[in-house]
Amino acid sequence: MIRPLTRADDAAVLALLHASADYIRLERDEAPGDALVEEFFTDAPPGLSADDGYRAGLFDGTDLLALAEMSFGYPQPGDSYLGLMMVRGTARGNGAGVQMLRHLEGVARARGARQLFLAVLDANPRGRAFWHREGFRDTGFAGQVTLGCKTQAVQRLVKPL
């Protein structure tokens, strides 16, 4: 079941972050903790509010298998931006990511988005391969992002909706 996440889900989000510590280390070079849960619920792209975003989780019973944060109106009006989609290590390769992505695409379309953007870390070739298999293409925009203790290169990808 996929449903919106709220602050009542803090413990489930933290448990998923701990179960996905390999990705957190890749992304931030730090351990997951309460500050990262706070960031998940409050982060937004420039010029947007976290209150205007969408946060969702894919559950198997009470276990959170995947989570995502998506914003609307970035980088341009009419666009949607997937800031984070994370799948529990034990659920990777089992369809959880595809299931979550299909849900997010439907939400973005319902909100009138014509494109879905995201940034993928150069240090995450497995993630890049997933996004390409799912129809995302390079935009030609590259940059650097600092997350936690780590600054690294990213590429922006886009998929028409």
Note on the stretch 79-104: residues more than 22 Å from E27 (Cβ to Cβ) and either modelled with pLDDT under 95 or of a type in the set (V, I, T) (or both) are G95
The number of residues in the stretch 126-142 that are more than 16 Å from the chain's Cα centre (by Cα) and not small (G, A, S) is 5
Quick count over the stretch 1-19, residues being among the basic types (K, R) and buried (at least 16 other Cβ atoms within 10 Å of the Cβ), is 0
inquiry  = Condition (residue is farther than 21 Å from A123 by Cβ, modelled with pLDDT of 95 or more, of a type outside the set (K, R) and surrounded by 16 or more Cβ atoms within 10 Å (Cβ to Cβ)) applied to the stretch 20-40: is it met by at least one residue?
reply    = yes
How many residues of the stretch 1-33 are closer than 15 Å to L147 by Cα, more than 14 Å from the chain's Cα centre (by Cα) and not in a loop (DSSP other than H, G, I, E, B)? The answer is 5
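The values are calculated or read from the model by the stated rules, or taken from the named source; none is laboratory data. Predicted model, so just to flag it, every value in this text is computed and none were measured. All Cβ positions, even for glycine, are placed from backbone atoms using ideal geometry, and neighbour counts span all protein chains on display.
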